[in-house]
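Working notes, structure below.
The values are calculated or read from the model by the stated rules, or taken from the named source; none is laboratory data. In this text, all values refer to a predicted model and were calculated from it rather than measured experimentally. Here the Cβ is made from the backbone with ideal geometry for all residues, glycine too, and neighbour counts use every protein chain on show.
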Amino acid sequence: MERWLFRWRERCPDGTLRERNKVIGPVEEYPAKSKKLQEAVATLRLNINTDGPTELTSITMAKAVEHYSIQELGDCGDEGKAYSTRHRKTQLLSRRVLPHWGQLELRAIKPLRLSNGLRRW
């Protein structure tokens, strides 16, 4: 059965590009150049191009922590955070946050639950 496949590339936190795709539906249901097909593609583009995580671009807490560690906790000399701050935050993330929430998607983590969990530590 032939079906429409929407393809795009997404930049990962480390800067590499990752190929992604999403099945739109069978060709019989979405004829070429039909309004239904154009609306489905427009909806996918909107979801992909929003700033925050969506159904198509959501990330896990582990990926967010990885990005934060690279961007904020890297050794940037005098311009970056102090060694003690980097060390303390790295320990908190690796010992508390990642084991508890690492595999969850960010949108699945409720702010109150996260706040209560961090308050306990």
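See the values below:
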| item | result |
| --- | --- |
| Residue among Asn21, Asn47 that alone is of a type in the set (S, T, N, Q) and either touching a residue at least 60 places away in the same chain (Cβ under 8 Å) or in contact with a Phe, Trp or Tyr (Cβ under 8 Å, 6 or more places away or on another chain) (or both) | Asn21 |
| Residue satisfying condition, being touching a Ser or Thr at 6+ places or on another chain (Cβ under 8 Å) and more than 30 Å from Trp4 (Cβ to Cβ), within set Thr85, Thr90 | Thr90 |
| Matching option when the condition is hydroxyl-bearing (Ser, Thr, Tyr), exposed (fewer than 11 other Cβ atoms within 10 Å of the Cβ) and at pLDDT 90 or above, among Ser84, Ser34, Ser94, Ser115 | Ser84 |
| Cross-chain or 6+ apart pairs with Cβ under 8 Å, region 61-79 first and under 21 Å from Leu106 (Cβ atoms), then hydroxyl-bearing (Ser, Thr, Tyr) and at pLDDT 85 or above | Ser69/Thr90; Leu73/Thr90 |
| Condition broken by Ala42, with the remaining ones in (1) surrounded by 12 or more Cβ atoms within 10 Å (Cβ to Cβ); (2) small (Gly, Ala, Ser); (3) assigned by TED's automatic domain parsing to the domain that holds Arg11 satisfied | (1) |
